[in-house]
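Undergrad: Dropping a structure here in structure tokens format, bear with me for questions.
The values are calculated or read from the model by the stated rules, or taken from the named source; none is laboratory data. This is a predicted model, so every value here is computed, not measured. When we count neighbours, we look across all protein chains shown, and the Cβ atoms used for this are built from the backbone with ideal geometry, even at glycine.
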Amino acid sequence: MHRLLVRAIMAQSGLIIASALLTSSVNLPLTRFRLESSVLLVIGGLALGAGFIARRRSAEIALMLAALLAAAIVAGGLCYRRVTRGDLSFGLLHPPRFWTSPTAWGEGEVGWDPVVGMVLPPNVVGRQVSEDFDVVYHSGPEGWRILPEPSKTPPDSEIWFLGCSFSFGAGVDDDESYIYRLARAWPESRVRNFSVSGYGTTNAYLNLKNQLSRRSKPTVVVYAWISHHQKRNYLRRSWHGSSNAAIIPRFEVVDGHLHWVGFVPGAQATLEDGPALDETEFRITVALIREMARLSRERSIPLVMLLLQGPDFRVPMAVADEPGISILDVSAVSNSFYPHDGHPTKMWHQSVARAIASHPLFASLTSNPKLHAPSAIPEIPMQGWAYWDGRKDGAVRCDYPRGLGDRLRLDLFPRLSLSSIFSKPSDVDPWQVQLRHKLSVRSGQEYQLELQIRSANSRRVELGVMQNYSPYESLGLRDSLTVSEEWQTIRRRFIADRDEQDAQFVIALGARRWIELREVKLWDGENDLLANRAAVLLQGFASLPAR
């Protein structure tokens with residue numbers, strides 16, 4: 001009996017070691033915690049060593065150890081699940097990893113501030129990895145992401161940014177975020193970035209109120225807005241529940257006034273998606289922004305609402321009448337987002353930074369002409385284009401033009417499978433990889449398309465103007481052509497069959513080797529709809545500063 005128990009322990013230890021070799025991590029039953037393979041290897045090794053020791057101990061000890069291992073293995077097997085957003089995994093060779101999706105995780109500490117909620121601890125190094133990027137983040141002495149120090153003491157101006165992961169710079173290195181680029185474009189001004197991934201308007205308001213109470217007032221406050229902030233501002237289960245938020249900043253609108261309830265447990269996020277919740281979040285979001293404008297106005301600080309991403313612009317339009325607020329729209333400047341993660345690429349950050357620095361708004365609000373710096377950040381030709389990769393595996397490398405007349409090149413690396421190895425280029429679905437550019441069309445308007453294209457191999461390419469949402473219906477142009485290694489000039493004319501504000505021009509490329517484009521234009525008779533976009537001032541006044 002004793003010998004049989006020892007053999008069972010050895011077999012169980014081997015099973016744990018095999019699990020460590022076959023899977024990256026396993027979850028602890030009924031929790032969000034996971035043990036990575038390095039920890040499982042150690043546990044399996046310790047169990048194996050305990051098995052050797054049990055040979056020289058009593059049968060009772062061997063029975064207890066075998067039962068313990070059996071219970072752990074059975075519980076782990078029955079309760080096993082794959083990684084989900086909100087999991088926290090532990091390994092031996094790195095800090096704990098917080099999973100933001102089944103394929104993306106971040107390393108680094110997260111702190112808690114009783115006034116504003118989640119913050120970064122001072123002077124820490126974090127890492128975030130996804131299918132699209134592997135980047136490192138550094139926080140400064142106050143816990144915010146590092147920025148360049150101004151070259152002038154005291155600085156000419158001080159600009160505060162309040163935002164979420166788009167402004168924090170998730171997915172790009174420290175010096176690639178649009179706020180870091182602006183700090184370099186405005187070297188004699190101090191730029192502060194009070195943004196943290198996951199923040200909504202609630203956090204931005206609390207952060208502004210807190211910073212105003214403990215610092216000298218800034219020259220300008222910028223609230224960097226994306227439409228998804230609205231979904232983070234109340235008790236939406238699909239947002240707070242999926243991230244397993246422990247504490248949520250809660251506000252209510254009572255008799256038309258904003259009311260602070262306090263930080264509440266994440267368990268209160270039980271409201272399902274629907275029109276009623278949308279309307280509640282809308283009222284709260286508008287009230288929060290109006291309160292931010294009031295706090296700024298009382299201190300004679302201009303407030304800029306910077307529109308980074310739509311598609312719902314009902315909130316900024318609702319607060320456009322608020323005194324002291326300017327609304328600057330850069331949402332159409334670039335469509336370059338990571339295909340799997342969804343966050344902006346470094347190309348997006350550079351394009352947005354240039355659009356802001358090139359607009360006279362900040363120079364006008366501060367009477368500081370140095371904040372109008374159109375030549376400080378290089379322009380990226382064809383910056384409005386972005387690629388989409390619908391394959392489960394494989395990769396795309398996109399090289400944007402470096403100057404006018406240069407080409408945009410995509411290198412397509414197919415997924416490794418028997419079908420990809422033995423299939424012919426003509427067998428590949430061209431819609432697996434796409435180049436996209438957002439635009440709008442008018443019913444009855446004639447458009448003229450012209451582009452130059454070539455490919456590493458003969459392939460079928462499809463192109464069209466269609467809706468930018470399901471069911472992606474054609475708006476008047478849908479065509480198929482064969483391209484080769486020689487440059488071809490393609491010209492097409494079409495008439496849009498309906499009005500569509502949310503449209504896109506799509507080139508479906510397939511999934512093999514490289515393809516290049518240049519001189520892509522879509523004329524409506526007066527304007528090129530595919531030309532680089534500038535920032536658009538929707539509310540406020542900005543005159544060109546004197547130089």
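Undergrad: Would you confirm whether any residue within segment 490-497 is over 29 Å from Asp411 (Cβ atoms), modelled with pLDDT under 90, of a type in the set (Gly, Ala, Ser) and not assigned by TED's automatic domain parsing to the domain that holds Arg314?
TA: No, because not a single residue in segment 490-497 is over 29 Å from Asp411 (Cβ atoms), modelled with pLDDT under 90, of a type in the set (Gly, Ala, Ser) and not assigned by TED's automatic domain parsing to the domain that holds Arg314.
Undergrad: Go over the candidates Arg299, Arg290 one by one and state the one that is surrounded by 15 or more Cβ atoms within 10 Å (Cβ to Cβ) and at pLDDT 95 or above.
TA: After applying the criteria, what remains is Arg290.
Undergrad: Does segment 325-344 contain any residue that is hydroxyl-bearing (Ser, Thr, Tyr), without any contact (Cβ under 8 Å) to a residue 40 or more places away in the chain and not assigned by TED's automatic domain parsing to the domain that holds Phe505?
TA: Yes, some residue in segment 325-344 is hydroxyl-bearing (Ser, Thr, Tyr), without any contact (Cβ under 8 Å) to a residue 40 or more places away in the chain and not assigned by TED's automatic domain parsing to the domain that holds Phe505.
Undergrad: Can you give me the ranges of the strands (runs of 3 or more DSSP E) entirely in segment 169-279 with at least 1 residues that are in contact (Cβ under 8 Å) with a residue 24 or more places away in the chain and more than 26 Å from Pro154 (Cα to Cα)?
TA: 220-226, 247-254, 257-265
Undergrad: Can we say Leu46 is touching a helix residue (DSSP H, G or I) at 6+ places or on another chain (Cβ under 6 Å) and part of a helix (DSSP H, G or I)?
TA: For Leu46, the condition - touching a helix residue (DSSP H, G or I) at 6+ places or on another chain (Cβ under 6 Å) and part of a helix (DSSP H, G or I) - is not met.
Undergrad: Now for a separate question. Conditions first: (1) in contact with a strand residue (DSSP E or B) (Cβ under 9 Å, 6 or more places away or on another chain); (2) outside the structural domain of Arg397 (by TED's automatic domain parsing). Asn532 passes all but one, so which condition is the exception?
TA: So Asn532 meets the others, but not (1).
Undergrad: Identify, from the list Ala204, Ala170, the residue that is surrounded by 18 or more Cβ atoms within 10 Å (Cβ to Cβ), in contact with an Asp or Glu (Cβ under 9 Å, 6 or more places away or on another chain) and of a type in the set (Gly, Ala, Ser). Steps first, answer last, please.
TA: Values: Ala204 fails: in contact with an Asp or Glu (Cβ under 9 Å, 6 or more places away or on another chain).
Ala170 is the lone residue from the list that is surrounded by 18 or more Cβ atoms within 10 Å (Cβ to Cβ), in contact with an Asp or Glu (Cβ under 9 Å, 6 or more places away or on another chain) and of a type in the set (Gly, Ala, Ser).
Undergrad: Just name the residue that is modelled with the lowest pLDDT out of those in segment 516-547 that are in a loop (DSSP other than H, G, I, E, B) and touching a His at 6+ places or on another chain (Cβ under 9 Å).
TA: So the first thing to find is which residues in segment 516-547 are in a loop (DSSP other than H, G, I, E, B), and the list is 524-527, 529-535, 540-547.
Subsequent filtering for residues that are touching a His at 6+ places or on another chain (Cβ under 9 Å) retains 529-530, 534-535, 542, 544-545, 547.
Values: Leu529: 92, Leu530: 91, Ala534: 87, Ala535: 88, Ala542: 51, Leu544: 38, Pro545: 39, Arg547: 31.
The qualifying residue modelled with the lowest pLDDT is Arg547.
Undergrad: Let me ask something else about it. If a residue must be in a loop (DSSP other than H, G, I, E, B) and not aromatic (Phe, Trp, Tyr), how many such residues does segment 141-168 contain?
TA: So the answer is 16.
Undergrad: Looking at Val461, Val465, Val433, Val441 in this structure, which one is over 22 Å from the mean Cα position of the chain (by Cα), among the aliphatic types (A, V, I, L, M), crowded, with 16+ Cβ neighbours inside 10 Å and closer than 18 Å to Val483 by Cα?
TA: Just one listed residue meets the conditions, Val461.
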